[in-house]
Amino acid sequence: MTERKDNKLWGGRFERAPDARFEAFQRSFAFDRRLLPYEIAVDRAWAKALEPIGIFTAAEVQQTLATLDNISARVESDPAWVDSFGADTEDLHHFVEKALVEELGPLGWKLHTGRSRNELVATDFRLFVIDSATQMKSSLLALANVLLEQAKTKLGVPMAGMTHMQHAQPILLSHFLLAHAEAFARDIARLQNAAASADACPLGSGALAGNSFGINRAAIARDLGFSRITANSLDAVSDRDFALDFLFALSGIATHLSRLAEDFILFASQEFSYVILPDEYSTGSSLMPQKKNPDCWELIRGKTGRITGALVALLTTLKGLPTSYQRDLQEDKEALFSAHDQVVAMLAVAAGAIMTTAYRDDRLRAAAENPALLATEAADYLVRKGVPFRQAHDFVGKILKEAERQKKNWTELPLEELRKISRAFDDDFARGLTVEAALASKKIAGGTSIDSVRVAVSELEKRIAQEMARQ
C-alpha cells in the first residue's frame, strides 16, 4: 500500500496517495501561482481578522504577518525558489501554507481556520481582474492617444470613405482615425464594468455555507480594497460572472483591434497604397526580396480568435455546472490569463505600429476626388431645390447611368444634359462638386467637416485627460 503524504490540505480520511498521473493532472500551481501576490494579501487580511474572534493572539498575528512578508519578498526576488518549493504543491493555497508551516510550525496551520480554498481562489481571482482591468485601461488610453495625435497631425487630409468595401463619400482621414478611437473608448467602459463586477469580497463564505466564527466580512473587504461583500455564500464561491465580463471586455478590445488591423492591411496593399508600413513592425519574405509584409497587423487579427475562444470556453464550462463550487472552475484561469497577456501585447504593438506608420496623402486625396463619391452631394443639391429625396436619388442614378453610357465621369456632363433629367439643376450646381464642399457640408456634431472634427479632437483630448487623471 502506498502511504498517504501528510502535507495535503485535505488528506485526513485517505489511506492511499493519489495516482501519480492524476496528481499531476489535478495540480494548478503551474498557472495559479500568478495569483500568489493576491493570495498573500488575502492571507494577511484573514490573519488580522482572526484576532478579534480569539483564534489568533496579537503575537501570533504579528508572527504570521512577518512570515507572509518574508514569503512575499522571496516570491518576488527568487523565482527559482518558487519553482523548487512549489514542485509538489497542488495549488497556490497549498504553497503558501507549506511555506508558513516551514517557518512557523503548527502556527502556520491555524491561518486556514474557518475558510475554504473555494472562497480564497474566488477572492484572489477577483483582485486579479480588478488590477488587470485598471492596467489595461492605461494601455487603451495610450492607443487612443496615439490615434488622437495622428488625427491632429493629419487634419485636412481627405480620403474615400467606404461602405460594403465600396467607395461611398469623402471623409477626413482624421475622422477615420477618431472612429477607431471611439471604439476603444467604449472598451474602457466595458473594462470598468468588469472591474465593478469583480468588486465584491467573497471571504467569509466558507466552502459554500458561510463562516462559523463570526468573522468581520466588511472589515476584511475594506482591508483588501473591495467596496462591498458578496451577498450569498453559495453564489459567491461559484460566481464567475466577473471573469465573463472581463473576457467579454477583452473580446471587444481584440475585435476592435482586428478591425483596425484589417483596415491597415488593406491600406498597405499596392491596390490602395494609402500607408507605408514601418520597418519596425513589418517583416520580409524569405523568397521575395521586394516584400514588406504587415505581419504585426495580421498577427493581431489572427490572435483575436484566441481571445474570443477564451470567452466561449468559459461560457461553455459554466453552462453545465450545478450551483456551488465545482472543480471544473479550475479551468477559468488559464484561458483568461492567456487572453489578458495577448491583449496587453496586441495593444502595445498596435500603438507602436500606428505611431510609426506614414500616410500617402497624395493617394488618399486622389481616391477622395473620385467624382463618383460626390453623387450624394448631387442628390442633396436637388433636395435643397425642393425635389423630394427619393426622386432626387432616382434623377442622380439616371445621370450616372448616362455618364457610363457615354464613358465619361458624370461631372463632365454639360448642364443642358442634366436639365433634361431634372429642371432643378442650375448654374450654381458645379460649384458644389468638390471634395472640400462635400466635407464642409457635413458641419454637424459627429460629422466629417474640418470644424466638426476639430471639435471631436478637442472633446476626445479632454476625455482622455480625464480618464488618465482617474488612474
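The values are calculated or read from the model by the stated rules, or taken from the named source; none is laboratory data. Not measured: the values here are computed from a predicted model. Note that each Cβ is placed from the backbone with ideal geometry, even for glycine, and that neighbours are counted across all protein chains shown. Please note that ligands, DNA and RNA were not included when accessible areas were found on the heavy atoms of the full protein model with its side chains. Shrake-Rupley method; radii C 1.70, N 1.55, O 1.52, S 1.80 Å.
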message = How large is the accessible surface of Thr113 in square angstrom, using a 1.4 angstrom probe and rounding to the nearest 10?
response = 30
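At 222 nm, what value in deg cm²/dmol follows for the chain if DSSP H runs of at least 4 each add -39500 (n - 2.57) and the sum is divided by all its residues, to the nearest 500? Numbers along the way, then the final one.
Details: 20 runs with 293 residues, N = 471.
That comes out to -20500 deg cm²/dmol.
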inquiry  = Based on alpha-carbon centroids, what's the gap between segment 23-52 and segment 342-359 in Å, whole number please?
reply    = 35
query = Within the set Lys154/Lys443; Lys303/Lys462; Lys98/Lys137, which residue pairs have Cα atoms separated by over 28 Å?
reply = Lys303/Lys462; Lys98/Lys137
ask   = Helix 92-104: angle to the longest alpha-carbon principal axis of the chain, degrees 0 to 90, nearest 10?
value = 40
request  = State the answer as a single residue: which of Leu148, Pro294, Val453 lies farthest towards the positive end of the charge dipole of the chain, with beta carbon charges of +1 for Lys and Arg and -1 for Asp and Glu, about the Cα centre.
outcome  = Val453
task = Return one number: the angle in degrees, 0 to 90 and rounded to the nearest 10, between the long axis of the Cα atoms of helix 36-50 and the longest principal axis of the Cα atoms of the chain.
result = 50
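Show me the ranking of peptides 425-437, 215-227, 242-254, 171-183 by mean Cβ neighbours inside 10 Å, starting with the highest. The partial results should precede the final answer.
Working: 425-437: 14.2, 215-227: 17.4, 242-254: 24.5, 171-183: 22.3.
Averaged packing, sorted descending, gives the order 242-254, 171-183, 215-227, 425-437.
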key: Positive-pole candidate from Ser132, Ala87, Ala20, dipole of the chain, charges at beta carbon   = Ser132
query = Reachable lysines from Lys407, Cα under 26 Å, same-chain residues fewer than 8 places away excluded?
reply = Lys398, Lys420
request  = On the protein heavy atoms, probe 1.4 angstrom, tell me the percent of accessible surface of the chain carried by carbon and sulfur.
outcome  = 54
remark   = Out of Tyr325, Leu203, Ala351 - ranked by how far each Cα lies towards the positive end of the dipole of the chain, with unit charges on the beta-carbon of charged residues - the top one is Ala351
inquiry  = Could you compute how much accessible surface Glu334 exposes when probed at 1.4 Å, giving the result in Å² to the nearest 10?
reply    = 90
message = So I have (i) 68, 55, 42; (ii) 87, 55, 43; (iii) 101, 53, 39, and one of them is Cα extents along the principal axes in Å calculated from this model. Which one is it?
response = (iii)
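If Lys and Arg each add +1 and Asp and Glu each add -1, what is the summed charge of the other residues whose beta carbon sits under 12 Å from the beta carbon of Thr283? If you can, show how the numbers build up before the last one.
Values: positive: Lys291, Lys292; negative: Asp279, Glu280, Asp295, Glu298.
With Lys, Arg at +1 and Asp, Glu at -1, the net is -2.
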inquiry  = Based on alpha-carbon centroids, what's the gap between segment 307-335 and segment 412-471 in Å, whole number please?
reply    = 49
ask   = How big is the gap, in Å, between the Cα center of segment 81-96 and the Cα center of segment 146-167?
value = 53
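Excluding ligands, DNA and RNA, what is the solvent-accessible area per residue of the chain at a probe of 1.4 Å, expressed in Å²? Numbers along the way, then the final one.
Numbers: 22790 Å² over 471 residues.
That works out to 48 Å² per residue.
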message = At 7 Å along Cα-to-Cβ for each site, give me the label-to-label distance between Asn216 and Ala345 in nm.
response = 4.5
